[in-house]
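Worksheet: one structure, shown below.
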Amino acid sequence: MNNINILGIESSCDETAAAVIRNGREVLSNIISSQIAIHTEYGGVVPEIASRKHLEKIDDVVSLALKEADCTFDDIDAIAVTYGPGLVGALLVGVAEAKALSYALNKPLIGVHHIEGHISANYIENKDLEPPFACLIVSGGHTHLVMVEDYGKYEIVGRSRDDAAGEAFDKVARAVGLGYPGGPKVDNAARTGDPHAIEFPRGVVAGNPYDFSFSGIKSAVLNHINKAKMTGAEINIPDLCASFQEAVTDSLVSRAIGLCRERGIKKLAIAGGVASNSHIRSRLESECAENGIRFYRPSPVLCTDNAAMIGCAGYYEYLRGRRDGLELNACPNLKLGER
């Protein structure tokens with residue numbers, strides 16, 4: 001079989017990225033231009049600034065991806081791009097770039113769901129991983145527990161009913177003065193804290209034991225901080241971060257392991273930006289080992305937004321025969337499994 005090279009493009013939030021992926025699992029290049037330093041000044045992502053920075057960087061990252069892969073556009077078989085979900089202005093930059101290249105080069109265009117990209121990141125470093133398996137997706141905008149039945153075929157078993165886990169991390173980090181991005185800062189602060197110093201609630205959702213709720217945990221942390229300020233009590237930031245992180249981790253791990261045990265699933269993967277959290281990864285690894293479940297996790301660089309995962313997902317969509325026309329548009333609220 002001839003090699004298939006996919007040019008992946010990602011611009012759903014605050015990373016402008018391009019990558020060349022061969023046969024779905026070999027990364028020839030993975031270029032990421034991050035905007036974290038810019039948005040840190042504002043305490044979070046500013047959509048208008050993100051869109052403008054994507055416009056400035058998109059051509060450069062595509063050129064660098066081709067250069068690092070030691071190939072030209074002639075070597076590219078198809079162009080895959082994130083078209084949702086995400087920030088609409090940011091998505092439009094990547095989609096416009098991909099459509100322009102598709103038209104000019106007469107190459108197939110493939111729209112990729114951002115969350116499907118995160119799931120597919122597991123294929124890159126785990127060559128033996130094949131569906132079916134369970135996947136826990138934990139990011140700034142999404143918390144999903146999914147059964148990956150086949151490439152491109154998913155059953156959403158559970159999802160957050162309010163805040164995503166990553167959103168809760170960001171809000172707690174901001175409340176205690178750690179700043180943005182919240183996830184890595186809370187993770188680092190928690191390393192020296194006592195995870196049992198403060199008992200925060202674990203959200204339970206009536207009607208579906210696999211759904212998540214992090215609004216209550218977040219509110220409990222904010223109430224703890226406000227009460228301490230009113231009474232003049234000292235806030236131990238490492239203890240608070242470790243206790244908050246433990247509560248979130250309990251919610252994630254209990255549902256993921258519970259699903260595997262209930263359905264007899266022996267493979268569990270994790271994906272998304274928060275999947276790089278050291279405590280969550282450690283707990284899942286140990287619980288999977290105790291339950292005879294094979295645990296898969298991408299390297300941290302493949303957990304955050306990147307184009308390699310989009311190229312990987314695009315490759316399997318390419319094999320399934322998906323081709324999009326120039327009417328492809330950004331879909332900021334795209335649901336997993338929708339087309």
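Kindly check whether there is at least one residue in segment 150-164 that is under 29 Å from Glu26 (Cβ atoms) and of a type in the set (Lys, Arg).
Yes - at least one qualifying residue is present in segment 150-164.
Only one of these is in a loop (DSSP other than H, G, I, E, B) and either at positive phi or surrounded by 19 or more Cβ atoms within 10 Å (Cβ to Cβ) (or both): Gly179, Gly158. Name it.
Gly179
Kindly indicate which of Ser254, Ser278, Ser243 is touching a His at 6+ places or on another chain (Cβ under 8 Å) and either more than 15 Å from Val157 (Cβ to Cβ) or at pLDDT 95 or above (or both).
Only one candidate qualifies: Ser243.
Give the residues of segment 282-339 that are basic (Lys, Arg) and surrounded by fewer than 21 Cβ atoms within 10 Å (Cβ to Cβ), sorted by residue number.
Arg283, Arg294, Arg320, Arg322, Arg323, Lys335, Arg339
Go through the residues of segment 109-122 one by one and say whether even a single one is in contact with a Leu (Cβ under 7 Å, 6 or more places away or on another chain) and either farther than 16 Å from Gly311 by Cβ or surrounded by fewer than 16 Cβ atoms within 10 Å (Cβ to Cβ) (or both).
no
Among the residues of segment 312-331, write down those that are among the small types (Gly, Ala, Ser), touching a Leu at 6+ places or on another chain (Cβ under 9 Å) and under 11 Å from His114 (Cα atoms).
Scanning segment 312-331 gives a single hit, Gly314.
Touching a Leu at 6+ places or on another chain (Cβ under 6 Å) and over 20 Å from Ser139 (Cβ atoms): which single residue out of Ile49, Ile79, Ile21 fits that description?
Ile79
Which condition number in (1) within 23 Å of the chain's Cα centre (by Cα); (2) surrounded by 15 or more Cβ atoms within 10 Å (Cβ to Cβ); (3) among the small types (Gly, Ala, Ser) is the one that Ala69 fails?
(1)
In the list Ala168, Ala96, which residue meets the criterion of being under 30 Å from Ala189 (Cα atoms), of a type in the set (Gly, Ala, Ser) and part of a helix (DSSP H, G or I)?
After applying the criteria, what remains is Ala168.
Here are some residues: Arg25, Arg52. Which one is closer than 14 Å to Leu87 by Cβ and over 16 Å from the mean Cα position of the chain (by Cα)?
Result: Arg52 is the single residue among Arg25, Arg52 that is closer than 14 Å to Leu87 by Cβ and over 16 Å from the mean Cα position of the chain (by Cα).
Go through Glu338, Glu317 for me and flag whichever is outside any helix (DSSP H, G or I) and touching a residue at least 60 places away in the same chain (Cβ under 8 Å).
Sole residue among the options that is outside any helix (DSSP H, G or I) and touching a residue at least 60 places away in the same chain (Cβ under 8 Å): Glu338.
State yes or no: is Ala50 out of contact with any strand residue (DSSP E or B) (no Cβ under 6 Å at 6 or more places or on another chain) and hydrophobic (A, V, I, L, M, F, W, C)?
Yes.
For segment 33-47: of the residues being in contact with a strand residue (DSSP E or B) (Cβ under 8 Å, 6 or more places away or on another chain) and surrounded by 18 or more Cβ atoms within 10 Å (Cβ to Cβ), which is modelled with the highest pLDDT?
Ser33
The values are calculated or read from the model by the stated rules, or taken from the named source; none is laboratory data. Since the structure is predicted, the reported quantities are computational estimates derived from the model, not experimental observations. Using ideal geometry, Cβ is built from the backbone for each residue, glycine included, and neighbour counts are taken over all protein chains shown.
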